[in-house]
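A quick write-up on the structure given underneath.
Any read-out appearing in this document is the output of simple, stated calculations on the displayed coordinates, not a laboratory observation. Just so we're clear, the structure is a prediction, and the values are computed from it rather than from any experiment. So basically every Cβ, Gly included, is an ideal-geometry build from the backbone, and we count neighbours across all protein chains shown.
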Amino acid sequence: MERLPFIAGNWKMNKTVGEALELVKALKISLMGIYGVEVAVAPPFTALYPVAQELKNSSIELAAQNLFWEEKGAFTGEVSPLMLKEIGCQYVIIGHSERRQYFGETDEMVNRKIRSAIRSDLKVIFCIGESLEEREEGKTFSVVERQLVEGLKGIDEERMGQIVIAYEPVWAIGTGRTASPEQAGEVHRFIREKIEGLFSKRTSERVRIQYGGSVTPENIKALMAEPGIDGALVGGASLQAESFTRIVRFKEI
Ligand code: 13P
């Protein structure tokens, strides 16, 4: 089963509107005519609308980094799926380890967010991954399984086409310490088996699983050569047009 590679840039809390526009203008040029790979950028909330305008008539897609599960109401500081949909977001990142770690997001909250995004016809980049401590204690598979099962509770199989999974080992995020293709591949295989158990073989063969954690132009090719790795969720290296372009153009390296 051929799966279209998917590279997404998670800008996290970086880029003013001016800087964001500068970056996407450069990416539009450097990625012009690119095919055979899906590309998305995830700017911070304040830059989403202007970036959406800039990306009209471009094949680069737009992702938000978070949402709240209610459609509207008295939830100071939150942003709803409808609001993201209205401005042209195709994707939303949910369950990123930084949100779990610093903002107390639990598996249950992640699940509510995923269900809400799906209902609003947003596609989801659903992040899972173990911490260093959990890996060292031999809990990688049990942690990843729990996050996966809890996060996907109540999702109908036909909605799985809207979900991309991002395996991001917490110890590899922003540390320069990438998981080796074998280490990542092992967990990707495990995730795919679990998806087969939860849904079906067909769905497990279709679901795309990105790797995230210190992805660079130097290591992307080896990671993408690993059979179960279908793309990357890139943090630091997505903040410059040059490095992100080299990652997206990994086939040409
Ligand atoms: P880095 O690429 O900076 O390690 O970040 C990975 C990440 O968290 C993407 O969501």
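So if I take the alpha carbon set of the stretch 25-155, get Rg, then get Rh from the Kirkwood formula, what is the Rg over Rh ratio?
For the stretch 25-155, the value is 1.02.
Among all the aspartates and glutamates, which ones have a C-alpha under 15 Å from LYS251's C-alpha, if same-chain residues fewer than 8 places away are not counted?
Counting by Cα, and skipping residues close in sequence, LYS251 has these aspartates and glutamates nearby: GLU38, GLU218, GLU226, ASP230.
Want the number for GLU22 to GLU150: 0.36 nm per residue separation, take away the alpha-carbon distance, what's left? Intermediate values should be presented prior to the final figure.
Working: separation 128, 0.36 × 128 = 46.08 nm, distance 3.88 nm.
Residue separation times 0.36 nm, minus the Cα-Cα distance, leaves 42.2 nm.
Note the per residue figure in Å³ for the convex hull of the C-alpha positions in the stretch 27-81. Could you put the intermediate results ahead of the total?
Values: hull volume 5.3 nm³, N = 55.
With only Cα atoms used, the stretch 27-81 gives 96 Å³ per residue.
Express the Stokes-Einstein translational diffusion coefficient of the chain in µm² s⁻¹, to the nearest whole number, given a Kirkwood radius over alpha-carbon pairs, 25 °C and a viscosity of 0.890 mPa s.
This corresponds to a translational diffusion coefficient of 136 µm²/s.
Please list the non-local residues whose amide H lies under 5 Å from the amide H of VAL92, H modeled 1.01 Å from N, same-chain partners needing a gap of 5 or more.
So VAL92 has HN proximity to ALA64, LYS123, VAL124, ILE125.
Report, by chain and number, residues whose modeled amide H sits under 5 Å from the one on VAL79, excluding near sequence neighbours (fewer than 5 apart, same chain).
Hits under the 5 Å cutoff: PHE68.
Just to compare against my own numbers: the Cα pair-distance distribution for the stretch 128-200, 10 Å bins, whole % per bin, please.
Result, from short to long distances: 18, 52, 25, 5 percent.
In the neighborhood of LYS139, defined by Cβ-to-Cβ distances under 11 Å, what is the net charge if each Lys or Arg adds +1 and each Asp or Glu adds -1? Provide the component values of the computation, followed by the final result.
Values: positive: ARG135, ARG146; negative: GLU130, GLU133, GLU134, GLU136, GLU137, GLU145.
Here the count lands on -4.
When you have a sec, figure out the Kirkwood radius of the stretch 146-239 from all distinct Cα pair distances and drop it here in Å to one decimal?
So the Kirkwood estimate lands at 13.7 Å.
When the helices in the chain are scored as -39500 (n - 2.57) per DSSP H run of 4 or longer and the sum is shared across all residues, what 222 nm value do you end up with, to the nearest 500 deg cm²/dmol? Don't skip to the end; give the middle numbers.
On the way: 11 runs with 103 residues, N = 253.
One gets -11500 deg cm²/dmol as the mean residue ellipticity at 222 nm.
Taking amide hydrogens as modeled 1.01 Å from N in the peptide plane, which residues meet the under 5 Å criterion relative to VAL234, leaving out close sequence neighbours?
ALA8, GLY9, ASN10
Going by how many other beta carbons lie within 10 Å of each one, how would you line up LYS56, LYS251, LYS113, fewest first?
By the 10 Å Cβ count, ascending: LYS56, LYS251, LYS113.
What is the packing order of peptides 116-126, 87-97, taking the mean over residues of other C-beta atoms within 10 Å and listing the highest first? Provide the component values of the computation, followed by the final result.
Numbers: 116-126: 21.0, 87-97: 23.0.
Highest-to-lowest ranking by the protection proxy: 87-97, 116-126.
Please report how many Lys pairs in the stretch 71-186 have alpha carbons closer than 25 angstrom, counting only residues at least 8 apart along the chain or sitting on separate chains.
11
How large is ³J(HN,Hα), in whole Hz, for each residue of the stretch 45-56 in order, when computed from phi with the Karplus curve 6.51 cos²θ - 1.76 cosθ + 1.60 and θ = phi - 60°, using x for Gly and Pro?
For the stretch 45-56, the Karplus curve yields 3, 4, 9, 4, 5, x, 5, 4, 4, 5, 8, 4 Hz.
Karplus couplings for the stretch 123-136 from phi (6.51 cos²θ - 1.76 cosθ + 1.60, θ = phi - 60°), rounded to Hz, Gly and Pro as x?
Couplings: 8, 10, 9, 9, 8, 9, x, 8, 7, 4, 4, 5, 4, 5 Hz.
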